[in-house]
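Structure first, commentary second.
The values are calculated or read from the model by the stated rules, or taken from the named source; none is laboratory data. A quick note: this is a predicted structure, and the numbers were derived from the prediction, not measured. Here Cβ is always computed from backbone atoms with ideal geometry, including for glycine, and neighbour counts include all displayed protein chains. We work out accessible area using only protein heavy atoms, side chains counted, and drop any ligands, DNA or RNA first. Shrake-Rupley method; radii C 1.70, N 1.55, O 1.52, S 1.80 Å.
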Amino acid sequence: RVVALPSDKDRTNESLHKIGVSIHCAKDLPTVSGIYSSSCEPYVVVTYYDISLQTRVIEQGGTPIWNEQATICVPMPCWVDDLHVALMLKGSATTRDTEVGKFKLSVSALAAKHIEPTWYNFYGPDVDAASGGFFGSLVG
């Protein structure tokens with residue numbers, strides 16, 4: 001809902017930037033157990049504010065290859081600073097989708113300095129880890 005349109009005077013310090021998130025592949029993903037069967041159907045969701053972009057779901061994709069790019073336009077200065085990327089496994093008719101891993105990027109940090117393209121990797125916990133969580137935090 002728009003309360004009042006900004007005047008041209010309000011827009012003088014604002015510009016629109018594009019942030020591209022390249023989604024390449026994953027490997028050794030777990031399966032989701034349902035009542036009748038187990039499956040591994042991964043996809044990735046990129047979210048900024050109320051905009052969500054999703055890759056295609058890879059059927060039987062324990063080692064999926066997407067090679068897709070999600071591009072989101074962000075006004076600067078930005079009011080919302082977080083860009084979220086989540087790796088999901090599609091649930092069955094009786095189970096919900098499962099979040100396998102996620103990370104958060106700061107849009108203002110990206111705008112403040114020139115950052116070279118960076119790889120972000122998700123890794124599962126060590127076999128001996130007693131953390132109780134299935135996947136650990138971001139390493140990158």
Within the stretch 9-104, which chymotrypsin sites (Phe, Trp or Tyr not before Pro) sit in a loop by DSSP and count at most 11 neighbouring Cβ atoms inside 10 Å? Tyr36, Trp79
Which FRET efficiency value, to the nearest 0.05, do you get for Ser38 and Tyr120 by plugging their Cβ-Cβ distance into 1/(1 + (r/R0)^6) with R0 = 30 Å? 0.65
Taking 0.36 nm per residue of separation and subtracting the Cα-Cα distance, what length does fully extending Glu99 through Thr63 add? 11.3 nm
What number comes out for the charge environment of Lys104, summing +1 per Lys or Arg and -1 per Asp or Glu over other residues with Cβ under 11 Å away? -1
With a 1.4 Å probe and every protein chain left in place, work out the accessible area per residue of the stretch 17-112 in Å², rounded to a whole number. 59 Å²
With +1 on each Lys and Arg Cβ and -1 on each Asp and Glu Cβ, and nothing else charged, work out how big the dipole of the stretch 17-112 is about its Cα centre, in Debye to the nearest 20. 60 debye
Quick check: pseudo-label points 7 Å beyond the Cα along Cα→Cβ at His17 and Trp79, how many nm apart are they? 1.8 nm
Per DSSP, the loop-located trypsin sites (Lys or Arg not before Pro) within the stretch 38-125 having at most 12 other beta carbons within 10 Å are Arg56, Arg96, Lys113
All lysines inside 29 Å of Lys113 as judged from Cα atoms, apart from same-chain residues fewer than 8 positions distant: Lys9, Lys18, Lys102, Lys104
With the radius of gyration and the Kirkwood radius both derived from the Cα set of the stretch 17-112, what is their ratio Rg to Rh? 1.05
